[in-house]
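Only one structure is covered here, and it is reproduced in the block below.
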Amino acid sequence: MSATAFSIPLWADLLAVAIGSLQGALFASQFRERRVDLLGVAIIGTATGLGGGILRDVLIGEVPRAMQSNWYLTTAVLAALLGMLLQRLFNRLAGFITILDALTIGLFGAIGATKALALGLPEIPAVFVGVVSAVGGSVVRDLLMNLTIAMMHVGSLYAVAAGAGAALLVALVVFGVPTPLAGLIGTATTFSIRLLAVRFGWSLPEQRALSRLPRWRRPR
Amino acid sequence: MSATAFSIPLWADLLAVAIGSLQGALFASQFRERRVDLLGVAIIGTATGLGGGILRDVLIGEVPRAMQSNWYLTTAVLAALLGMLLQRLFNRLAGFITILDALTIGLFGAIGATKALALGLPEIPAVFVGVVSAVGGSVVRDLLMNLTIAMMHVGSLYAVAAGAGAALLVALVVFGVPTPLAGLIGTATTFSIRLLAVRFGWSLPEQRALSRLPRWRRPR
Amino acid sequence: MSATAFSIPLWADLLAVAIGSLQGALFASQFRERRVDLLGVAIIGTATGLGGGILRDVLIGEVPRAMQSNWYLTTAVLAALLGMLLQRLFNRLAGFITILDALTIGLFGAIGATKALALGLPEIPAVFVGVVSAVGGSVVRDLLMNLTIAMMHVGSLYAVAAGAGAALLVALVVFGVPTPLAGLIGTATTFSIRLLAVRFGWSLPEQRALSRLPRWRRPR
């Protein structure tokens, strides 16, 4: 397969990083009782914006993209500070940010999956790399805040949306669809599933549902 | 040192991944009160099965093996789903799975240590890489579930078993024993220590024991 | 930019690792109620000493330095065991260890930032790598102990001290100051800020201060 990475303009990549950072900082700002200080909020925001891309590049054996240019860290830090200072404003824009975020996980997933294919990784790892790119930032955020990883909870199909988009993208590339078109379709798929999940409150069944009769009362 | 990696057949490597994933999923399934959903259980299982190998390859500067073939992720995900669906069955087989798991940490440790030696790493880092390969999956599992890392608790000498096997393996290779034989002996050592520890309830003393008179009432 | 890494003698690098490990072990020893066993204390100490350097090398795409020599792991493990066994003694030396630790984060930051510059990374990533080198060990420690990351709390400007030193160092190198001199100045800056922060109890304002009227009662 001679896929090339689904390259998007630098400004779009940076916009995705900025939205991630902004959201990370807004998220961290809510936890007053954890006594996260200003620096902590900035660090968590930055880590949320950059985490997915750094994990992606570590998985595929590349020097992280965010380490190869001054723009990524600058953007991430400024967006985190902005989110921290303008909490109220951004909170009123919550709907708009949810839309941007859905676009962001779509873009990150598409960039990650095509980058993996371009480096010669097989199809299933490419899908995995796409998912990690999309959700990695929020996992890093939750690890740093010592919270249960949001993705593991009954939620809004965050990872499923990323996985479906990345899988469709990879399948299209395998069947000869040009990478830019496949990237667009993958991004749109993730974006749509994510927004529909938010809109209609979709969630996966809890694992409780599978085994109705309680067997273990206590975890080991 | 011209050690070659202790190569085991692909099916054995995948079996080890499968057992790790299965156990990870069974473990995660128990925590009802954490509201881990079906996807969460699958993710935790997969991460448990693949975590050790991915950490190993990141430490030695290689592209993770699980990213270079479709088999690893497929196996890990299917084993996690199987573990989730057949909780009851596998719980009845707990003894059998403990045996398979002891074999798995032995194999992972031997693969990790010999892979490190084959890349020219010195002896002590090679032992370290072996231990990380063996226990990394369970560390990743506990991080994702926001639990105290099981390995840190008073436990069943999980890491010690892995360390002893890897150290013996590396010592044998240094003294000229062929890698396959050293790998077998290392695996058998880890396997035996782990099973004996489970059988006889061995554990390390808590650090409490070392300093009987309490000095700090409060952690800093 | 043709910066060379700010190379310090191996013994100084190992001393920094040893101080990190010692502190990590002393820190872990305090948490009796978490039932961390002897092995757990040794693991946490070792991870604290080596974590910053390993994260640094993963970020810049190098095989971790600690994997390329027998000295790093040996030093880290011995220092952790020493810290565990001689808790009382070292606790009486707390002031001295704080000074050594301030020197350690200064050195780690300078080594990390100059190593990044020497590999051709741009300025801002180089500062970031310096900060991660300096504070990474304590982040890994807190992750393994399932504690809120100390750096995120209202604290003593730990990360700020590292960031200021690394930023000054990189700025000096950009303006043509020879790397060894820039490294010394950066180390001294971090060292001084850190010690002054401890001495005068400086801390950053909590994010609470920024938005006095509570808006969210509950985190999402």
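Taking the stated definitions as given, is residue A:175 closer than 17 Å to residue A:99 by Cβ, more than 9 Å from every other protein chain (Cβ to nearest Cβ) and at pLDDT 75 or above?
Answer is no for this residue.
Restricting to the stretch C:56-74, count the residues that are touching a residue at least 60 places away in the same chain (Cβ under 8 Å), in a helix (DSSP H, G or I) and surrounded by 20 or more Cβ atoms within 10 Å (Cβ to Cβ). Spell out how you get there, then give the answer.
Step one: list which residues in the stretch C:56-74 are touching a residue at least 60 places away in the same chain (Cβ under 8 Å), which gives C:56, C:59-60, C:71.
With in a helix (DSSP H, G or I) added as a condition, the list becomes C:56, C:59, C:71.
Within this subset, residues satisfying the condition of being surrounded by 20 or more Cβ atoms within 10 Å (Cβ to Cβ) are C:56, C:59.
Qualifying residue count, the stretch C:56-74: 2.
For the stretch C:187-206, name all the residues that are at pLDDT below 85 and assigned to a helix (DSSP H, G or I).
Of everything in the stretch C:187-206, those that are at pLDDT below 85 and assigned to a helix (DSSP H, G or I) turn out to be C:198, C:199, C:200.
Which is on the phi < 0 side of the Ramachandran plot and either surrounded by fewer than 21 Cβ atoms within 10 Å (Cβ to Cβ) or at pLDDT 90 or above (or both), of A:100, A:26?
On the way: A:26 fails: either surrounded by fewer than 21 Cβ atoms within 10 Å (Cβ to Cβ) or at pLDDT 90 or above (or both).
Step by step, each of A:100, A:26 is checked, and only A:100 is on the phi < 0 side of the Ramachandran plot and either surrounded by fewer than 21 Cβ atoms within 10 Å (Cβ to Cβ) or at pLDDT 90 or above (or both).
Table: residues versus (1) among the β-branched types (Val, Ile, Thr); (2) part of a helix (DSSP H, G or I); (3) within 13 Å of chain A (Cβ to nearest Cβ).
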residue	(1), (2), (3)
C:88	no, yes, no
C:132	yes, yes, yes
C:163	no, yes, yes
C:185	yes, yes, no
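Could you list, in sequence order, all residues of the stretch B:124-150 that are farther than 9 Å from residue B:55 by Cβ, surrounded by fewer than 24 Cβ atoms within 10 Å (Cβ to Cβ) and touching a helix residue (DSSP H, G or I) at 6+ places or on another chain (Cβ under 7 Å)?
B:124, B:138, B:142, B:143, B:145, B:148, B:149, B:150
Give the residue, chosen from A:61, A:45, that is closer than 12 Å to residue A:140 by Cβ and at pLDDT 90 or above.
Testing whether each residue is closer than 12 Å to residue A:140 by Cβ and at pLDDT 90 or above leaves just A:45.
Looking only at the stretch B:137-161, count every residue that is assigned to a loop (DSSP other than H, G, I, E, B), hydrophobic (A, V, I, L, M, F, W, C) and touching a residue at least 12 places away in the same chain (Cβ under 8 Å) and tell me the total.
Of the residues in that region, 3 qualify.
Which of the residues belonging to the stretch C:165-198 are surrounded by fewer than 21 Cβ atoms within 10 Å (Cβ to Cβ) and within 24 Å of residue C:24 (Cα to Cα)?
C:188, C:192, C:195, C:196, C:197, C:198
May I ask you to verify whether residue A:159 is crowded, with 22+ Cβ neighbours inside 10 Å, facing another protein chain (nearest Cβ under 9 Å) and small (Gly, Ala, Ser)? Please lay out each step first, then the result.
Values: crowded, with 22+ Cβ neighbours inside 10 Å: yes; facing another protein chain (nearest Cβ under 9 Å): yes; small (Gly, Ala, Ser): yes.
Against the criterion (crowded, with 22+ Cβ neighbours inside 10 Å, facing another protein chain (nearest Cβ under 9 Å) and small (Gly, Ala, Ser)), residue A:159 qualifies.
Of everything in the stretch B:159-179, what is closer than 10 Å to residue B:130 by Cβ and of a type in the set (Ser, Thr, Tyr)? Give them in sequence order.
none
For residues in the stretch C:8-48 being part of a helix (DSSP H, G or I), within 13 Å of chain B (Cβ to nearest Cβ) and more than 22 Å from residue B:129 (Cα to Cα), which is nearest to the chain's Cα centre (by Cα)?
The qualifying residue nearest to the chain's Cα centre (by Cα) is C:23.
Looking at the structure I just gave you, is residue C:110 under 17 Å from residue C:181 (Cα atoms), crowded, with 24+ Cβ neighbours inside 10 Å and either free of Cβ contacts under 8 Å to residues at least 60 places away in the same chain or more than 14 Å from chain A (Cβ to nearest Cβ) (or both)? Explain how you work it out, then say what you get.
Working: under 17 Å from residue C:181 (Cα atoms): yes; crowded, with 24+ Cβ neighbours inside 10 Å: yes; either free of Cβ contacts under 8 Å to residues at least 60 places away in the same chain or more than 14 Å from chain A (Cβ to nearest Cβ) (or both): yes.
In short, yes.
Given the structure, is residue B:100 of a type outside the set (Ser, Thr, Tyr), over 25 Å from residue C:54 (Cβ atoms) and either assigned to a helix (DSSP H, G or I) or within 14 Å of chain C (Cβ to nearest Cβ) (or both)?
Yes: the conditions hold for residue B:100.
Any residue that is more than 10 Å from chain C (Cβ to nearest Cβ) and either under 29 Å from residue C:85 (Cα atoms) or modelled with pLDDT of 80 or more (or both) - is there at least one of those in the stretch B:209-216?
The first filter runs over the stretch B:209-216 and keeps only residues more than 10 Å from chain C (Cβ to nearest Cβ), leaving B:212.
Then keep just the ones that are either under 29 Å from residue C:85 (Cα atoms) or modelled with pLDDT of 80 or more (or both); that gives B:212.
Within the stretch B:209-216, one or more residues are more than 10 Å from chain C (Cβ to nearest Cβ) and either under 29 Å from residue C:85 (Cα atoms) or modelled with pLDDT of 80 or more (or both).
Do we find that residue A:57 is among the acidic types (Asp, Glu) and either more than 9 Å from every other protein chain (Cβ to nearest Cβ) or touching an Asp or Glu at 6+ places or on another chain (Cβ under 7 Å) (or both) in this structure? Steps first, please.
Details: among the acidic types (Asp, Glu): yes; either more than 9 Å from every other protein chain (Cβ to nearest Cβ) or touching an Asp or Glu at 6+ places or on another chain (Cβ under 7 Å) (or both): no.
No, not satisfied.
Test each condition in (1) in contact (Cβ under 8 Å) with a residue 40 or more places away in the chain; (2) more than 8 Å from every other protein chain (Cβ to nearest Cβ); (3) closer than 23 Å to residue A:66 by Cβ for residue C:123 and report the one that comes out false.
For residue C:123, the failing item is (2).
The values are calculated or read from the model by the stated rules, or taken from the named source; none is laboratory data. Since the model is a prediction, treat every value here as computed from it, not as a measurement. Quick reminder, even Gly has a Cβ in these numbers, built from the backbone with ideal geometry, and neighbours come from all protein chains shown.
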